[in-house]
Amino acid sequence: MITLETDGQLKELINEKKTVLLFSAQWCPDCRVIEPILPEVEGKFSDWTFVYVDRDQFIHICAENDIFGIPSFLAFDEGEEVGRFVSKEAKTQKEIEDFMNSINL
């Protein structure tokens, strides 16, 4: 998983690749719970680039994308939003994979 470092990097990633943004934060307990399963999810959906977006560092990106709860996922294909799994609720591996399957182009 790539860790987002700049706004410019984000624009480049979402415009050039099939990209899934994971909005998260170090202090979020539900975010910590899904961390161990993410490598397996990434392996199953290797044609997607997964990007960790720190909610506190990039709060403006959260606001621009109506991300009000974490952990949340936002998917883009060639710059177009193709799916979102956005809520403040905890997420299971099955729910994340179901989301990915629903957008897997």
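Bear in mind these aren't lab numbers, they're just calculated from the coordinates by the rules spelled out. Since the model is a prediction, treat every value here as computed from it, not as a measurement. All Cβ positions, even for glycine, are placed from backbone atoms using ideal geometry, and neighbour counts span all protein chains on display.
Whenever a residue of the stretch 36-56 is among the basic types (Lys, Arg), its partners that are surrounded by 12 or more Cβ atoms within 10 Å (Cβ to Cβ), lying with C-beta atoms within less than 7 angstrom and at least six residues away or across chains, give the pairs Lys44/Glu97; Arg55/Phe23; Arg55/Ser24; Arg55/Ala25; Arg55/Cys62; Arg55/Ile70. Taken over the stretch 57-78, the criterion of being acidic (Asp, Glu), free of Cβ contacts under 8 Å to residues at least 24 places away in the same chain and not in a helix (DSSP H, G or I) is satisfied by Asp66 alone. Does the stretch 88-102 contain any residue that is over 12 Å from the mean Cα position of the chain (by Cα) and β-branched (Val, Ile, Thr)? Yes: the stretch 88-102 contains one or more residues that are over 12 Å from the mean Cα position of the chain (by Cα) and β-branched (Val, Ile, Thr).
Considered as a group, the residues in the stretch 19-44 that are part of a loop (DSSP other than H, G, I, E, B) and in contact with a strand residue (DSSP E or B) (Cβ under 8 Å, 6 or more places away or on another chain) include one that is surrounded by the fewest Cβ atoms within 10 Å (Cβ to Cβ), and that residue is Gln26.
Scanning the stretch 51-83 for residues that are surrounded by 18 or more Cβ atoms within 10 Å (Cβ to Cβ), farther than 19 Å from Gly8 by Cα and in contact with a Ser or Thr (Cβ under 9 Å, 6 or more places away or on another chain) returns Ile70, Pro71, Ser72. Here Glu95 fulfils each of the conditions (1) out of contact with any strand residue (DSSP E or B) (no Cβ under 9 Å at 6 or more places or on another chain); (2) within 23 Å of Trp27 (Cβ to Cβ) apart from (1).
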